[in-house]
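Input: a single structure, listed below in structure tokens.
The values are calculated or read from the model by the stated rules, or taken from the named source; none is laboratory data. Not measured: the values here are computed from a predicted model. Virtual Cβ from ideal backbone geometry, glycine too; neighbours counted across all protein chains shown.
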Amino acid sequence: MIERMKKEDLDQVVEIEKDSFDHPWNRDYFENELNDSEIGELYADIENGEVIAYGELWYMFENCDLTKIVVKRDYRHRGYGRKMLKHLTHIAKERGCEFMHLEVDVKNDDAIKLYKMNGFTTVRTRKNYYENGSDAYDMIKGLIEAKPRKILAIESSCDETACAIIDEELNVYSSVVTSQIDVHARFGGVVPEVASRMHVEQISTIIKEAVEQAKIKVEDVDAIAYTIGPGLIGSLHVGGIAAKSLAFFYDKPLIGVHHLKGHIFINELIKPLSYPVMALVVSGGHTELVYIENDESFRIVGTTLDDAIGEAYDKVARVMQEGYPGGPIIDKLAREGKPHYHLPTPKVDAYDFSFSGLKNAVLQLVKKEEADGNEINKNDLAYAFQETALNVLVNKTEEALKEYPCRSVVLAGGVAANSRLRELMQERFADHDLILPPLKYCTDNALMIACAALHYLKHEKFVDLDAPSMPSMSIED
Ligand code: KG4
Ligand code: ZN
């Protein structure tokens, strides 16, 4: 929780300060600020007695200086900086300040992006501002500007019905998801007709819940977004019709979002993306390496020639007579598995993938063992399948990065929840700005559609009420 900093926080604050800066503020400075300062106010974010982050505001008439925001090393890139910035902005607004000003090292890309995404603009560069000779940007944000625009987004491309509301500063007002997975599990996979019928049953109540939770009126949102493709056609239509009805009735612009862009841009809730970005998109329907030069330029540099990786997980689980969806089951089984079975590594040119041969190899292996009267060790088989499949994914990503150097590497889609894949990504791409979505953001939801929709809104990319759903739309379109 963020509170005014207290004397007893100072031991920890001074340590974090020393760990974070070549020229840290000393204890006396903080003590003075706490005791006597009439213009400075220190705040600390504290969880279970531990100082996670702190920041300071200086008030000067109608102006307010944000003198620093610091996050403890172990907690960086987890949204604490943004949380502190929002809190301090809120306080400055409440105090009636009209402007917020800060200086930031021109080389501190992460901080600059954070400030830009939160409405700060650079007004000038101060040469040799810091002790080490670095230049600083002066950045400023008007605090009595128009409110950030809000988007209501709907997702219904497969077997989740979802609605979320977010604003341009990435404040999440609500995110409601209902999954049909239990129903489809009985059939061993998603049944399209059942999925669309269930979307029809759920969608109105999900939207109502999202609006109620957000404590706003639909009139207050600035655009309505929905997944226009790819996905199951009947399912897409349900979300599309709901979004179009709202857009028509409330006279709002309509945004048709590509589902995979949603999986990619939800990572911005963790940290701003540094372009160019390489996205490894791994889901039940897709396996793609996407090179993203900026938020309007997507290029598929590798794709699967047959099954998607999630589909392969689901099918292998079925061969092993395990449930649906197979991904989480295999993930868990493999954790107890040992190298025992050998499966052939799929060989495909360049950065493309193929998983159907691997899936068949699993089937043949199971049949052979059965014919030989041997019991299959499911842990070992899950291990063999997973190691083979995932190593292909990370190896190809690594190769692609040599031809397409990128600053950020992001993982996206349902299979991003896989514990081993996350481990491998961390091992291999530690030298990049790597973003792994938290588990709750991996499976389909509407928050991801809302995050992507903010980019469409920024570029004023709207669709008409007669826009068709596009079940096999490419991310390049
Ligand atoms: O992105 P998603 O929710 O739906 C599509 O857009 O396809 O991805 C669903 C896929 C399923 O194939 C599921 O088995 C897989 O993601 N999945 C996993 C894990 N959790 C979900 N695959 C591997 N390991 C997991 N832990
Ligand atoms: Zn998805």
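Among the residues of the stretch 429-451, write down those that are part of a loop (DSSP other than H, G, I, E, B) and crowded, with 17+ Cβ neighbours inside 10 Å.
Phe429, His432, Leu436, Pro437, Thr443, Asp444, Asn445
Give the residues of the stretch 43-76 that are exposed (fewer than 15 other Cβ atoms within 10 Å of the Cβ) and not charged (D, E, K, R), sorted by residue number.
Asn48, Gly49, Met60, Phe61
Would you check if Glu168 is within 26 Å of the chain's Cα centre (by Cα) and over 30 Å from Met198 (Cβ atoms)?
yes
Where in the stretch 184-285 are there helices (runs of 4 or more DSSP H), lying wholly inside it, with at least 1 residues that are assigned by TED's automatic domain parsing to the domain that holds Val172 and away from ligand 2 (no atom under 14 Å from the Cβ)?
Working: elements: 192-214, 233-250, 259-265.
Here the list reads 192-214, 233-250.
Search the stretch 286-298 for residues being crowded, with 18+ Cβ neighbours inside 10 Å and among the acidic types (Asp, Glu), and hand back the single one that is farthest from ligand 2 (Cβ to nearest atom).
Asp295
If we scan the stretch 79-93, do we find a residue that is surrounded by 18 or more Cβ atoms within 10 Å (Cβ to Cβ), on the phi < 0 side of the Ramachandran plot and not in a helix (DSSP H, G or I)?
No: zero hits.
Restrict the check to the stretch 227-235 and report whether at least one residue is surrounded by 21 or more Cβ atoms within 10 Å (Cβ to Cβ) and aliphatic (A, V, I, L, M).
Scanning the stretch 227-235 turns up at least one residue that is surrounded by 21 or more Cβ atoms within 10 Å (Cβ to Cβ) and aliphatic (A, V, I, L, M).
Which one is surrounded by the most Cβ atoms within 10 Å (Cβ to Cβ) among residues in the stretch 199-221 that are closer than 12 Å to Ser156 by Cβ and touching a helix residue (DSSP H, G or I) at 6+ places or on another chain (Cβ under 7 Å)?
His199
Kindly indicate the residue of the stretch 360-388 that is of a type in the set (Lys, Arg) and closer than 15 Å to Gln321 by Cβ and also surrounded by the fewest Cβ atoms within 10 Å (Cβ to Cβ) among those meeting that condition.
Just the residues of the stretch 360-388 that are of a type in the set (Lys, Arg), to begin with: 367-368, 378.
Going one step further and asking which of them are closer than 15 Å to Gln321 by Cβ, we end up with 367, 378.
Values: Lys367: 11, Lys378: 19.
Out of the qualifying residues, it is Lys367.
For the stretch 374-421, what are the residues that are free of Cβ contacts under 8 Å to residues at least 12 places away in the same chain and either assigned to a helix (DSSP H, G or I) or within 15 Å of ligand 1 (Cβ to nearest atom) (or both)?
Result: Asn395, Lys402.
Does Ile112 fit the bill of being at negative phi, surrounded by fewer than 16 Cβ atoms within 10 Å (Cβ to Cβ) and modelled with pLDDT under 95? Write out each step before concluding.
Details: at negative phi: yes; surrounded by fewer than 16 Cβ atoms within 10 Å (Cβ to Cβ): no; modelled with pLDDT under 95: yes.
Criteria not met by Ile112.
Within the stretch 72-84, can you find the residues that are closer than 11 Å to Ala111 by Cβ and modelled with pLDDT of 95 or more?
Result: no residue meets the conditions.
Does the stretch 180-187 contain at least one residue that is at pLDDT 90 or above and among the polar types (S, T, N, Q)? Don't jump to the end; show me each part of the working.
Going through the stretch 180-187, the residues at pLDDT 90 or above turn out to be none.
No, every residue in the stretch 180-187 fails to be at pLDDT 90 or above and among the polar types (S, T, N, Q).
Which residue pairs have Cβ atoms under 6 Å apart, sit 6 or more places apart or on different chains, and have a first residue in the stretch 275-292 that is at negative phi and a second that is of a type in the set (S, T, N, Q) and away from ligand 1 (no atom under 12 Å from the Cβ)?
Tyr275/Asn294; Val277/Ser408; Leu280/Thr397; Thr287/Thr304; Glu288/Thr303
Quick test of your reading of the structure: Gln321 fulfils all but one of (1) outside any loop (DSSP other than H, G, I, E, B); (2) free of Cβ contacts under 8 Å to residues at least 12 places away in the same chain. Name the failing condition by number.
The single condition Gln321 does not satisfy is (1).
Residues are listed down the side, and each one gets a yes or a no for (1) in a loop (DSSP other than H, G, I, E, B); (2) more than 11 Å from ligand 1 (Cβ to nearest atom); (3) crowded, with 17+ Cβ neighbours inside 10 Å:
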| site | (1), (2), (3) |
| --- | --- |
| Gly310 | no, no, yes |
| Tyr313 | no, no, yes |
| Val316 | no, no, yes |
| Pro346 | yes, yes, yes |
| Asp349 | yes, yes, no |
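Looking at the structure I just gave you, is Val301 more than 16 Å from ligand 2 (Cβ to nearest atom), among the hydrophobic types (A, V, I, L, M, F, W, C), modelled with pLDDT of 95 or more and assigned to a helix (DSSP H, G or I)?
Considered against the rule, which asks whether it is more than 16 Å from ligand 2 (Cβ to nearest atom), among the hydrophobic types (A, V, I, L, M, F, W, C), modelled with pLDDT of 95 or more and assigned to a helix (DSSP H, G or I), Val301 comes out as no.
Name, by its number, the condition in (1) within 14 Å of ligand 1 (Cβ to nearest atom); (2) out of contact with any strand residue (DSSP E or B) (no Cβ under 9 Å at 6 or more places or on another chain); (3) under 30 Å from Lys402 (Cβ atoms) that does not hold for Gly189.
All conditions pass for Gly189, except number (3).
Just one of Glu56, Glu131 is at pLDDT below 90, outside any helix (DSSP H, G or I), more than 25 Å from the chain's Cα centre (by Cα) and not assigned by TED's automatic domain parsing to the domain that holds Glu219; which is it?
Glu131
Report, by residue number, each residue of the stretch 238-248 that is of a type outside the set (Gly, Ala, Ser) and touching a helix residue (DSSP H, G or I) at 6+ places or on another chain (Cβ under 8 Å).
Within the stretch 238-248, Val238, Leu246 meet the criteria.
Can Val123 be described as touching a strand residue (DSSP E or B) at 6+ places or on another chain (Cβ under 9 Å), in a strand (DSSP E or B), surrounded by fewer than 20 Cβ atoms within 10 Å (Cβ to Cβ) and not assigned by TED's automatic domain parsing to the domain that holds Cys64? Talk me through it step by step, then tell me what you get.
Working: touching a strand residue (DSSP E or B) at 6+ places or on another chain (Cβ under 9 Å): yes; in a strand (DSSP E or B): yes; surrounded by fewer than 20 Cβ atoms within 10 Å (Cβ to Cβ): yes; not assigned by TED's automatic domain parsing to the domain that holds Cys64: no.
Against the criterion (touching a strand residue (DSSP E or B) at 6+ places or on another chain (Cβ under 9 Å), in a strand (DSSP E or B), surrounded by fewer than 20 Cβ atoms within 10 Å (Cβ to Cβ) and not assigned by TED's automatic domain parsing to the domain that holds Cys64), Val123 does not qualify.
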